[in-house]
1. Mean Kyte-Doolittle hydropathy of -0.5 or higher plus an axial Cα length of 27 Å or more: which whole DSSP H helices in the chain meet both?
2. Can you give me the three principal axis dimensions of the range 1-69 from its C-alpha atoms, in Å, biggest first?
3. Which part of the range 1-27 falls in the paramagnetic zone of residue 60, meaning amide N under 17 Å from the point 7 Å along Cα-to-beta-carbon?
4. Once you list every other residue whose beta carbon is under 15 Å from the beta carbon of residue 24, what net charge do they have if Lys and Arg are +1 and Asp and Glu are -1?
5. Report the calculated FRET efficiency for residue 20 and residue 223 (r = Cβ-Cβ distance, R0 = 22 Å), to the nearest 0.05.
6. Between 133, 217, 40, find the one with the highest GNM mean-square fluctuation for the chain; connect C-alpha pairs within less than 10 Å.
7. Compute the signed sum of charges (Lys and Arg +1, Asp and Glu -1) over the other residues within less than 14 Å, Cβ to Cβ, of residue 121.
8. Want the number for residue 100 to residue 187: 0.36 nm per residue separation, take away the alpha-carbon distance, what's left?
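FYI, it's all coordinate maths here, none of it is from the lab. Keep in mind it's a predicted model, so treat the numbers as computed, not measured. Ideal geometry is used to build each Cβ from the backbone, glycine not excepted, and the neighbour counts take in all protein chains shown.
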Amino acid sequence: MRNTLIKLIKFLIGSIRDLAPIIAVVLFFQLAVLQQPLPNIGQLIVGVLFVLLGLTFFIHGLEQGLFPIGESMAHAFAQKGSVPWLLIFAFALGFGTTVAEPALIAVAAEAAKVAADGHLINTTDAAMAEYANGLRMSVALSVGVAILLGVLRILKGWPVQWFIIGGYILVVIMTAFAPEEIIGIAYDSGGVTTSTITVPLVTALGVGLASSIKGRNPMIDGFGLIALASLTPMIFVMAYGMIVL
């Protein structure tokens, strides 16, 4: 209990250090440049405290839960030696974590609202929900495929740069043919997928798997899954736009 409390205090100090520059920038521009008082100071202080506590507990939770379980499952699959089950797990992990990403849910809902306002889809709640769910499923499917390919790359020892180079060449080609209304959403989808839920589990999976396989270097082979998870949504969402719009 005492060790846990000490760790939490350390994480809290680290969170304060990380947020201090952001707070300083906001205060400087608000007070020195705009020369306006801070609105709702009490509410702002409470909000900052919630952010500090949330960030502290989130980092502690990663260390205590998500990273260990990701690494332990990677070790277990590597020892089991079942490649098909490992690939199925990789796809399911990428798909499941992406569907649950709060950032993706927010972006998909906003994209559906804008699409309805622009008369690209019907303005009914059902049409907007269908459009948002279609975006989420497209992105989740793409991340599942990305993690599957990334795990296969670790197993085979393939260089990650060829996947990235080839993927971005495909993105450039598809950009020339995709509807203009979907391109920006597709590019943003690559960023929102690699957020609070996906990154810890996927990173732990890659590092744990590379550590468990003889001849693989965790520093060289264990990383790169997140890059693939950021790349494939752009391809899949543009393809979704070509079909739907």
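1. 2-28, 41-61, 125-156, 225-244
2. Each principal axis gives a Cα extent; for the range 1-69 these are 48, 20, 19 Å.
3. So the set is 1-18.
4. Around residue 24, the charge tally is 0.
5. 0.15
6. So, out of 133, 217, 40, the one fluctuating most is 40.
7. Values: positive: 113; negative: 110, 117, 125, 130, 181.
Neighbourhood net charge equals -4.
8. Fully extending the segment from residue 100 to residue 187 adds 29.4 nm.
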